[in-house]
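Working notes, structure below.
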Amino acid sequence: MAEATLNDKTLKEILRLGQTVGDPKAVPGGVPFVVIPSDCKVESLANLVYNDFSDRPHRKKAAVKVLDAASFIEYYTLFSDENSRVFADETTAKVLAVLDYHGAGDNAPRWGQHRLSLDLRYSEEWSRWTKANGTKKTQIEFAEFIEDNTPDIQSPPAATMLELAREMAAKTEVDFSSAIRMSNGQVQLKYTEQVKGTYGSGNVEIPEEFVIGIPVFVGTPRVAIRARLRYRLVSGKLTIWYDLLRHDAVQREAFLAVLAGIKDGLTVTIINGSPA
């Protein structure tokens with residue numbers, strides 16, 4: 001069988017087609033690509049152009065997290081433009097700025113990949129008091145909790161509450177018999193105890209309510225929260241706890257105060273919600 005041969009004209013045409021297919025092309029945005037001659041697979045060359053050896057990235061792309069309103073204002077001021085937008089979500093206590101947000105006009109979309117978020121952290125005081133909220137305690141447990149957190153108590157005076165805690169801790173072997181609400185806003189708990197074979201009686205007075213002052217978020221001012229003391233007498237034993245009154249509303253007000261500070265610092269309209 002005669003061997004197939006390629007003349008010069010055919011060989012030159014094959015080389016020309018191969019060079020044409022392999023020439024780098026570009027798509028909108030300036031990203032080059034080539035078509036691999038073997039299987040006509042399209043391969044991007046973006047990594048060869050936009051990599052660590054480039055002078056700079058193709059565009060700003062970042063997800064920056066700050067921990068206080070002052071840092072949020074500082075970063076936003078540096079990188080925002082007329083189309084930047086700020087979103088706030090009360091349900092999660094989050095504030096998010098999209099610095100490269102879409103323009104309002106036609107054909108003005110942007111990537112929305114340069115973002116700034118404010119992650120508010122709950123204070124240690126808030127975490128302690130809300131965690132123990134509604135949790136039933138023994139006399140000893142309640143006394144220890146009050147002693148550990150006395151600096152947060154505003155009313156009655158912290159010294160009065162500390163004295164009450166110590167008195168309750170000392171009355172663990174008594175039998176409580178009744179509770180009487182008094183006109184001065186106190187509750188009188190009556191008890192009996194046996195000392196050296198002799199029975200005696202006495203009472204402990206506790207307030208119906210007390211007030212604590214704690215910051216909701218780290219770095220924010222202390223706010224007053226009312227707490228109602230609850231108790232239960234079962235077989236002479238006392239169980240005691242507290243319920244924070246409307247602390248969810250206090251949390252919301254603290255978040256809105258942070259938003260007001262951001263708005264004053266940036267003079268921008270904050271959108272309630274989150275970007276798509």
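The values are calculated or read from the model by the stated rules, or taken from the named source; none is laboratory data. This is a predicted model, so every value here is computed, not measured. Methodologically, a virtual Cβ is constructed for each residue, glycine included, from the backbone with ideal geometry; neighbour enumeration extends over all protein chains shown.
What to note about this one:
- Summed over segment 103-116, residues that are in contact (Cβ under 8 Å) with a residue 40 or more places away in the chain and either of a type outside the set (S, T, N, Q) or assigned by TED's automatic domain parsing to the domain that holds I212 (or both) total 5.
- Of the strands (runs of 3 or more DSSP E) contained entirely in segment 220-276, not one carries at least 2 residues that are of a type in the set (S, T, Y), touching a Gly at 6+ places or on another chain (Cβ under 6 Å) and in the same structural domain as D68 (by TED's automatic domain parsing).
- Here R226 does not fit the description of being surrounded by 11 or more Cβ atoms within 10 Å (Cβ to Cβ), modelled with pLDDT of 90 or more, basic (K, R) and within 22 Å of the chain's Cα centre (by Cα).
- Among the residues listed as W111, W129, the single one being part of a loop (DSSP other than H, G, I, E, B) and surrounded by 12 or more Cβ atoms within 10 Å (Cβ to Cβ): W111
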